[in-house]
Structures are given as C-alpha cells and as structure tokens.
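The values are calculated or read from the model by the stated rules, or taken from the named source; none is laboratory data. Keep in mind that what you see is a predicted model, and the values were worked out from it rather than measured. With ideal geometry, Cβ positions are generated from the backbone for all residues, glycine too; neighbour counts draw on all protein chains shown. These accessible areas exclude ligands, DNA and RNA; they are computed on the full protein's heavy atoms, side chains included. Shrake-Rupley method; radii C 1.70, N 1.55, O 1.52, S 1.80 Å.
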Amino acid sequence: MPAPQLRGTLRLPADKSIAHRALLFNAMGRGSAEVSMHRPGADVRSTAAALADLGALATVDGDPDDGTPVRHRVTGGATAHHAALPGTADVALDCGNSGTLMRLLAGAATTRAGRTVLVGDDSLSSRPMERIAEPLRAMGASITTANGHAPVTVAGGAPLTPTTHLLRVASAQVLGALTLAAAAADGVTEVTTPGPTRDHTERLLAFLGARVERAGHTTTIHGPAIWDCRDIDVPADPSAAAFWLVAGALHPDADITLDHVGLNPTRIGVIRVLERMGARIEVTPADAAGPEPAGTIRVRSGERLHAVDLGPDDVADVIDELPVLAVAMAGAAGTSTVTGASELRVKESDRIALTVAGLQAIGVAAEELPDGWRITGAPVRTTASGGSALVITGADHRIAMAFAIADLVGVGTTDCDVDDPACADVSYPGFFDDMGRLL
Ligand code: S3P
C-alpha cells in the first residue's frame, strides 16, 4: 500500500558484479588479499562458498546480516606461468542462482588442473550455457553441458589456444569467462561483442596488473597473464539503488540518499533513463580509490515522470534494471516502449513475461512484445486500494523487488503482494528492512 513518505539514507548491499570478480580474480592471482563488502547477497555468498571449497578463501569476518562489512581473505592459485584457480582435485561447485558465477567459473576452471563440475538451482539449470561452452571449446578447452544447460563440467589444465572470438550475444559474463581462460593461453586473445557490455572484468584485471584492454566492443588479453592479489573494497550495487531511485522519482514526498554506490558508466544507465523521464537525481562522485568509481546518489520527488522509449542501444546499460523501470513507466504520463531486450527472457526468469503479467495483475495497461513491452502509465495512488493482487515472481529477486516498489508508491489500480519476497536476498538481503527505514 502507498507509503505516506520515503525519507532517509541507506548503505546498500555490495555490487554483485564487482564482488564476484573481486573474489574470483584474487583467487587466481599471486599472493593473497582482503576483499571487503557490505551485506553480500546470496549470489555473492555462493562465490565465497565455491572459493572456500577450492581452498582459496581463508577467513571471513563481519556479519552479512547486521550491516558490518564482511572481510574475505583470498589466496590466489597462480602458477609460475599464469593466473589460475588453485587445486588439482576434482570438485563440484554449487553456483546457486548465479549465472555470473557459473559462467565466470567455467572460464576460470580451465586454468586449474582437475575436473570442475558446476551445478546450480532450478532457475540457473534452465539458463543457456553453450554460449560459454562453445567459444571455450574453440580455444581447446574440454567442457561439456547437459543439453546446453548445467551441470557444466570442465576438465582443466590443458594449454589453450589464443583465439579471436566474435560473440553472438553481448554478454559480460561470456566475455569474462573467455578473458579468464585466455590468461592461460600463450598469445593474444580478442573478444568482440555485438554491443556494449559492462566492463568490470577489464577494469579489475588491469588494476591487478594483467595486460588487458578494451577498445570499442573488443577486449584484448595478452596471455599468458599473471596478476597480483590486491585488496578491494566493493562499492554498493547501482542495480540495488535502482529500486529506490524509481521509488523516489514516483513518490510525491520522497528524499532518499544512497551512500557509496558504484558509478561505473556502464552500470548507471538507470540514472540516465530516469533523468530522460524527468526525475530529479543528484550524483556526487567520491574521490577515486580502486578500480571502480563510486559516490552518493540522491533522489527527490519532482514533476510527474513522462514516458520514454528504450531501444537496442539503450537496453545494455539497464538490462538488470528493466523490471523496475517498467514500474516507473507504469506511473509515467504516456506510453513507453522497450525493444531489443530479448535477453530478458533468459535471465533468472522470463522477465518480459513476468513483468508484464505482474503489471496487468495490478491494473496497468501493459503488453508483451517479443523483445520488450509497451506500457501506458497512470498517476500513482496515494491511498490504499482495498484488496490486493498477488504477483508471481518466478523466484526472481528483481521481479520481487520491482513489485514491492510498485506497491510502496501506489502504481496501478491495486495494491499487491509478491508470492516470494524472500527471493530478494539473492542480490539484496535486507531489502524490506531498508524499505522500513525509509517510512
Ligand atoms: C553480469 C552481466 C549481465 C547481467 C548480470 C550480471 C555480469 O548479464 O545481466 O546480472 O556481472 O557480468 P550478461 O552477461 O548475460 O549480459
């Protein structure tokens, strides 16, 4: 039901794209380092657990649930010749719900001697894995999938061939997997994606001392690559910030500040899109420290948002934020469209189908397109509707949180409950506690 006001300052959970990489890349490096982060979600905890199973994660302190920073001591498995995950024993690693973990690990596992079997939950086991297996095989890796899905089995340790890849999907996960595998190949590997992708892999590997560059949509890695472990403090997740940015932009009485959020330009498309819709957002960058920019973001109530059209060139930078941007569109004046976002159908759920079905359930005029949606907005309500619709999340954290925001700001004709609020923990443990802090 609509909240009377939304005010306060939050320190959000760690960016999971950066956290996975900070842990994993250090586990392939030379030496050891400390990776610290606030409130890691279940996906990042899967990475920590997998690295602990490999013997790469020595100590953990801090409490993920009480807001104190969690500190991981990571020991790298680099050989004298190249970066590598440690260990020679055969292992099975549970990637939980995390596509990023499974795909990056598949690439990384080619560098360790021994067989690595990657398993995941039901959602992850239905997601496409040949997109990494096929190009890894082209480099000479021994990797199998079960009809294109998990379990993914990598028999690592064999020398790989430097290769020029032209990917069919613009995926930072695939690019990252190939970049990690290329570390153990003697020569230059090039990966070109058909569109823009987040650049955390390149930034972090360069920070650790690997020879890796990105020019346009091409990443070049010079193998064999070896890098040093380095301490990293992971900033808060801009994809988590997106929920409060949409809430603040839609709500008539909001003033929300989000501290130490990652400001990587490939990740803050949500700010640019909300500004195009008329939102009032201020960004104050902090002094640069480490491989990723960070700073404070403040959002305040303003004029009613207006509709926006997002096409293929826009969606890469907001791919994870599209469900909550659909909520913004449902409160905006006019008809908005999203096209070029068919990748949404193979995320943790079919996010096109579930976003549109959820909006329809709360009385929004929303229509599915093959690669996106069309949504006609209506003003938000400031009073409870009486009665409540049930929104199906498909156990997808971003769908659950997007519709919790819809309910919080009175989007649609009907209040709503989500069928699985707990799944928010995948990326945002304490999401509902943070909501309580703003009331
Ligand atoms: C991610 C890349 C994106 C994104 C995912 C995280 C990453 O997926 O949707 O949540 O950390 O590399 P794709 O690589 O499939 O585009």
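I'd like the Kirkwood hydrodynamic radius of the range 272-348, using the inverse of the mean 1/r over distinct C-alpha pairs, in Å.
14.1
Suppose every Lys and Arg Cβ carries +1 and every Asp and Glu Cβ carries -1, with no other charges. What dipole size does the range 299-348 come out with about its Cα centre, to the nearest 20 debye?
Details: 4 positive and 9 negative charges, 53 e Å.
The calculated dipole for the range 299-348 is roughly 260 debye.
Can you tell me the accessible area per residue over the chain, all protein chains present, probe 1.4 angstrom, in square angstrom? Walk me through the numbers on the way to the answer.
Values: 15080 Å² over 439 residues.
Solvent-accessible surface per residue comes out at 34 Å².
Which residue, Ala172, Ser125, Ser349, has the largest displacement toward the positive end of the dipole of the chain when charges sit on each Cβ (Lys, Arg +1; Asp, Glu -1)?
Ala172
If a/c stays under 1.5 just call it rounded; otherwise compare a/b with b/c (prolate if a/b is bigger, oblate if not). Do that for the range 334-373, with a ≥ b ≥ c from the square roots of the Cα gyration tensor eigenvalues. Don't skip to the end; give the middle numbers.
On the way: a/c = 2.97, a/b = 1.31, b/c = 2.27.
In terms of gyration-tensor shape, oblate.
Which angle between 0 and 90 degrees, to the nearest 10, do you get for helix 238-250 versus the longest principal axis of the chain when only C-alpha atoms count?
The answer is roughly 10 degrees.
Quick check: the angle from helix 322-331's long axis to the longest principal axis of the chain, C-alpha only, nearest 10 degrees?
Approximately 10 degrees, to the nearest ten.
When the Cα centres of the range 170-212 and the range 236-251 are compared, how far apart do they sit, in Å?
29
Output wanted: per-residue J couplings in Hz (rounded whole) for the range 181-192, from phi through Karplus 6.51 cos²θ - 1.76 cosθ + 1.60, θ = phi - 60°, x for Gly and Pro.
Whole-Hz 3J(HN,Hα) from phi for the range 181-192: 4, 5, 4, 9, 9, 7, x, 9, 10, 10, 10, 10.
At 222 nm, what helix-only mean residue ellipticity would the chain give, in deg cm²/dmol to the nearest 500, using -39500 (n - 2.57) for each DSSP H run of four or more? Please report the intermediate quantities before stating the final value.
Values: 14 runs with 134 residues, N = 439.
Dividing the helical sum by the residues of the chain leaves -9000 deg cm²/dmol.
Just the number, please: percent antiparallel of the DSSP beta bridges in the chain, rounded to the nearest 5. Each step should come with its number before you reach the end.
Working: 51 of 75 bridges.
Roughly 70 percent of the beta bridges in the chain run antiparallel, per DSSP.
Please state the charge dipole magnitude for the chain, taken about the Cα centre, from unit charges on C-beta atoms (+1 on K and R, -1 on D and E), reported in debye and rounded to the nearest 20.
On the way: 35 positive and 52 negative charges, 151 e Å.
Computed charge dipole of the chain: roughly 720 debye.
Could you give me the ³J(HN,Hα) list for the range 380-393, computed from phi with Karplus coefficients 6.51, -1.76, 1.60 and θ = phi - 60°, whole Hz, x at Gly and Pro?
Listing the rounded values in order: 6, 8, 9, 10, 4, 7, x, x, 8, 8, 9, 9, 8, 9 Hz.
Expressed as a whole percentage, what fraction of the accessible surface of the chain belongs to carbon and sulfur atoms when a 1.4 Å probe is rolled over the protein heavy atoms?
Details: 7750 of 15080 Å².
Taking all protein chains in place, the chain shows 51 percent carbon and sulfur surface.
Would you mind checking the tilt of helix 16-26 against the longest principal axis of the Cα atoms of the chain, expressed as 0 to 90 degrees and rounded to 10?
10
Give the residue from Thr414, Leu208, Phe403 lying farthest towards the positive end of the charge dipole for the chain; charges sit on Cβ (+1 for Lys and Arg, -1 for Asp and Glu) and the dipole is referred to the Cα centre.
Checking the options against the dipole of the chain, the answer is Leu208.
Taking the Cα centre of each part, how many Å lie between the range 335-405 and the range 10-47?
Distance between centres, Cα-based: 30 Å.
Along the range 297-303, what does the Karplus equation 6.51 cos²θ - 1.76 cosθ + 1.60 (θ = phi - 60°) give for ³J(HN,Hα), rounded to whole Hz, x for Gly and Pro?
Taking θ as phi minus 60°, the curve returns 10, 10, 10, 10, 4, x, 5 Hz for the range 297-303.
Of the residues Gly216, Gly156, Gly195, which exhibits the maximal mean-square fluctuation in a Gaussian network model of the chain defined by a 10 Å Cα contact cut-off?
Answer for the Gaussian network model of the chain: Gly216.
At Val188 and Thr59, where each label point lies 7 Å from the Cα along Cα→Cβ, what is the point-to-point distance in nanometres?
Modelled inter-label distance: 4.4 nm.
Among 158-170, 20-32, 199-211, what's the highest-first ranking by average C-beta atoms within 10 angstrom per residue? Walk me through the numbers before you get to the answer.
Working: 158-170: 16.0, 20-32: 25.7, 199-211: 21.5.
Ranked by mean Cβ neighbours within 10 Å, highest first: 20-32, 199-211, 158-170.
Grab the Cα-Cα distance for Glu282 and Thr9, subtract it from 0.36 nm times how many residues apart they are, and report the gain in nm with one decimal. Let's see the in-between values first.
Working: separation 273, 0.36 × 273 = 98.28 nm, distance 1.38 nm.
Value of the extension gain: 96.9 nm.
Could you tell me whether the range 6-134 comes out rounded, prolate or oblate from its Cα gyration tensor? Rule is a ≥ b ≥ c as square roots of the eigenvalues, rounded for a/c under 1.5, then prolate if a/b exceeds b/c, otherwise oblate. Intermediate results must be reported in sequence, preceding the final value.
On the way: a/c = 2.20, a/b = 1.32, b/c = 1.67.
Here the range 6-134 falls in the oblate category.
Please report, in cubic angstrom per residue, the volume enclosed by the convex hull of the alpha-carbon atoms of the chain. Mind dumping the intermediate values first?
Numbers: hull volume 49.9 nm³, N = 439.
About 114 Å³ per residue, rounded to a whole number.
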